[in-house]
Amino acid sequence: MTSLVGNMVHHDARVGGEWWRSGTIYQIYPRSFADANGDGMGDLPGITARLNSLASLGVDAVWLSPFYRSPQKDAGYDVADYCDVDPLFGTLADFDTMLARAHELGLKVLIDLVPNHTSSEHVWFKDALAAAPGSAERAYYHFKDGLGEHGELPPNNWKSMFGGPAWTRVTEADGSLGQWYCHLFDSSQPDLNWANPVVQDEFERILRFWLDRGVDGFRVDQPHAMAKAAGLPDHPYVDEAGAGFIEGRENPPMWFQEEVHPIFRRWRKILDSYPGNRAMCGEAYVLPLSFMALWVRSDEFHQTFNFRFLDSMWEPQNLFDSINESFDAFDSVGAPSTWVLSNHDVIRHASRMGGLKGRPTASDGVGPNDPQPDRELGLRTARGATMFMLGLAGASYLYQGEELGLPEHTTLAGEFRQDPTFARTGGARVGRDGCRVPLPWEAGVGAANGFNTTGAGWLPQPEIYREYSRDQQEGVAGSTLELYKSALRIRKELKLGEGSFDWLPEFVSERALGYRNGDVLVIHNFGADAIALPAGSVLLRSVAGAGPTDPIGSHETVWIQA
Ligand code: NOJ
């Protein structure tokens, strides 16, 4: 057995803390969760009607991806009005009904705040376009004159995360070609200028609008991009890093700027001024985690997503390192670590783990022309991975559909693809639509499997989704849904989310990883051969049909009380 290299971290139990320290938070992607009006787009009344299924799953909270007014150029992450619901999803009254129902069921509700950019249809941007260069309206965004003799070149070398340049040139009110505006994402998503105090005030108003309505907090989109280095200098190593950054190198001028911290501190004060334990989770893609720890100091974010863990690609050494780094970093500032395996931006882990190991990242989707994942291996490993994650102390995030073992839609034809990444790269990157397909609820109901009753869908479901419908799994021993329910129930009963962490040195190798949380041992077998079961009583195992004394099977995780 090849041993793994590195220190073995220890984490102390912390019992009785706020809910967000140990809760399980389920991501609802409203477009694809449930569609009450049958138009093919999920909606708030659909969510309300299905919330009981999440309460029975055993999660503590939900996070809703954006449902605000939006032209939907980036599936709602292009917000045209932060204080209203898009008619596609319902009304503010529908939101209130959904929130009340969630609270009645004991579920907290986090909503998505998108502060780095607005939609180009936002009134702030329309006003900016109508106003002259140098005006107060333009100062909401990053407008700059172009380079070159006639301003025909973009102001710097930044690239968009979705491909192509991060700058678009505007036509001025008099019809002449004019300034350029910055967009780290699609051209329909102009970046806000967070150095402008007026922008800061606007967002404090938005926070209060939703906190007054009773939300339990926010998931904050791209907070690491909000502040830009003064003067917007070139990205020093754009050829190597593209739109991104390379861990260990200096910060590019659009990522991780210091100026974000006072903003988060003000937000934290606002949240803390409300009753109940309101919380913010930052979608902060900040590495190394020792640097990210600065973002979760006690007066900033309550927590941030742990993409280091997700991106470990389920490689033993990488996973081992990611867990050591996580507890080390977050414990140093008294914040909980979070854990996550899937979301609406990455290939679903039931597919990612089906032999797609060679891919450099979990993002960018799988298309019909790519090597296809092995569904059985993927699901078997994903079930093990989820159980490995849910045994860890801290807060865990689940993405809708993973409790059904849903695979990615990997054969979605180009004509259906809506992610701007697909168009902006001429199809070279197929994008994220494959993990965003409507959920199958009932195998017998219409073409859309109970997502609605009309069969309409903003993205088509693959035929195989029928096999994964919730009604096929409910109450069925060994189903992925029942595995999730059992894991969440035991996690709660034994307070695993508030528990401790120590590696089991005899299970720290390329073949198996194991740790202890209180009196529970969690062991995952990465190899092809079974491993002898340690003494103790088996609480749960990830392979359906495995007997209580069977050895730990290939890609299986077991929870043992010992
Ligand atoms: C991160 C969101 O999760 C993703 O879906 C979106 O495209 C970008 N931020 C831009 O808002």
Q) Using a Förster distance of 35 Å, how high is the FRET efficiency between Ile270 and Ser332, based on the Cβ-Cβ distance and rounded to 0.05? A) 0.85
Q.
If you filter region 194-276 for chymotrypsin sites (Phe, Trp or Tyr not before Pro), then keep DSSP loop positions with at most 16 other Cβ within 10 Å, what is left?
A. Tyr237
Q) In terms of solvent-accessible area of protein heavy atoms at a 1.4 angstrom probe, what is the ranking of Leu88, Leu211, highest value first? A) Leu88, Leu211
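Rank these by accessible area, largest first, 1.4 Å probe: Asp127, Asp78, Asp212.
On the way: Asp127 75, Asp78 0, Asp212 110 Å².
Order by accessible area, largest first: Asp212, Asp127, Asp78.
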Q: Scan region 495-533 for GluC sites (Glu not before Pro) in coil per DSSP, keeping those whose Cβ has at most 16 other Cβ atoms within 10 Å, and list them by number.
A: Glu510
**Q.** Accessible area of the chain divided out per residue, in Å², using a probe of 1.4 angstrom
**A.** 35
(Q) Rounded to two decimals, what is the ratio between the C-alpha radius of gyration of the chain and 2.2 N^0.38 Å? (A) 0.96
Q: Enumerate the amide H contacts of Trp167 below 5 Å, restricted to partners 5 or more residues apart or on another chain; note that Pro and chain-start residues carry no placed amide H.
A: His183
Q) To one decimal place, what Kirkwood hydrodynamic radius in Å is obtained for region 170-296 from all pairs of distinct Cα atoms? A) 16.6
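Distance cut-off 22 Å, Cα to Cα: go down the list Lys73/Lys228; Lys73/Lys269; Lys108/Lys485; Lys126/Lys269; Lys144/Lys228 and report the pairs above it. The partial results should precede the final answer.
Working: Lys73/Lys228 24 Å; Lys73/Lys269 33 Å; Lys108/Lys485 18 Å; Lys126/Lys269 32 Å; Lys144/Lys228 14 Å.
Beyond 22 Å: Lys73/Lys228; Lys73/Lys269; Lys126/Lys269.
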Q) Dividing the alpha-carbon Rg of region 123-182 by 2.2 N^0.38 Å yields what? A) 1.10
Q. Separation of region 513-560 and region 152-173 by C-alpha centroid, Å?
A. 53
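Take the solvent-accessible surface of the protein heavy atoms, probe 1.4 Å, and return the percent of it on the chain that carbon and sulfur atoms account for.
The nonpolar share, carbon plus sulfur, comes to 52 percent.
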Q) Once you charge only the Cβ atoms, +1 for Lys and Arg and -1 for Asp and Glu, what is the size of the charge dipole of region 123-182 about its Cα centre, to the nearest 20 debye? A) 260
Q) With +1 on each Lys and Arg Cβ and -1 on each Asp and Glu Cβ, how big is the dipole of the chain about its Cα centre, in debye rounded to the nearest 20? A) 860
Q: Quick one: check the C-alpha center-to-center distance for region 190-224 versus region 34-63, whole angstrom.
A: 25
Q: In vacuum, with every alpha carbon of region 468-562 counted as one equal point scatterer, what does the Debye formula give for log10 I(q)/I(0) at q = 0.19 Å⁻¹? Two decimals, please.
A: -0.93
Q: Please calculate the 1.4 Å probe accessible area of Ser187, with all protein chains present, and give it to the nearest 10 Å².
A: 40
Q) In region 337-428, which trypsin sites (Lys or Arg not before Pro) fall in coil by DSSP and have 14 or fewer other Cβ atoms within 10 Å? A) Lys357
Q. Helix 260-272: angle to the longest alpha-carbon principal axis of the chain, degrees 0 to 90, nearest 10?
A. 70
Q. Amide H neighbours of Phe507 under 5 Å, counting only residues 5+ apart in sequence or on other chains, H built in-plane at 1.01 Å?
A. Gly514
Q | Relative contact order for region 123-182, counting Cα pairs under 8 Å that sit 6 or more residues apart, in percent | A | 31
Q: Please label the shape of region 98-229 as rounded, prolate or oblate, based on the square roots a ≥ b ≥ c of the eigenvalues of the alpha-carbon gyration tensor (a/c under 1.5 means rounded; beyond that, a/b larger than b/c means prolate, else oblate).
A: prolate
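Would you rank Val333, Val5 by solvent-accessible area, highest first, keeping every protein chain in place and using a 1.4 Å probe? Walk me through the numbers on the way to the answer.
On the way: Val333 45, Val5 110 Å².
In descending accessible area the options line up as Val5, Val333.
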**Q.** Cα long-axis angle, helix 480-493 against the chain (0 to 90 degrees, to the nearest 10)
**A.** 80
Q) In the chain, with Lys and Arg counted as +1 and Asp and Glu as -1 at Cβ, which of these residues, Phe507, Leu379, Ala80, has the Cα nearest the positive end of the dipole, that is, farthest along it? A) Phe507
Q: Tell me what the chain gives for mean residue ellipticity at 222 nm when only DSSP H runs of n ≥ 4 count, each as -39,500 (n - 2.57), the sum divided by the residue total, rounded to 500 deg cm²/dmol.
A: -7000 deg cm²/dmol
Q. Put +1 on the Cβ of every Lys and Arg and -1 on every Asp and Glu Cβ in the chain; which of Ala100, Trp210, Leu44 then has its Cα farthest towards the positive end of the dipole?
A. Ala100
Q) How high is the FRET efficiency from Glu415 to Asp239, r the C-beta distance, R0 25 Å, rounded to 0.05? A) 0.15
Q.
Can you give me the orientation-averaged projected area of the convex hull built on the Cα atoms of region 390-535, in nm²?
A. 12.0
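The values are calculated or read from the model by the stated rules, or taken from the named source; none is laboratory data. Because the structure is predicted, anything quoted here is derived from the model rather than measured. Here Cβ is always computed from backbone atoms with ideal geometry, including for glycine, and neighbour counts include all displayed protein chains. Ligands, DNA and RNA are stripped out before the accessible areas are found, and what is left, the full protein with its side chains, is counted by its heavy atoms. Shrake-Rupley method; radii C 1.70, N 1.55, O 1.52, S 1.80 Å.
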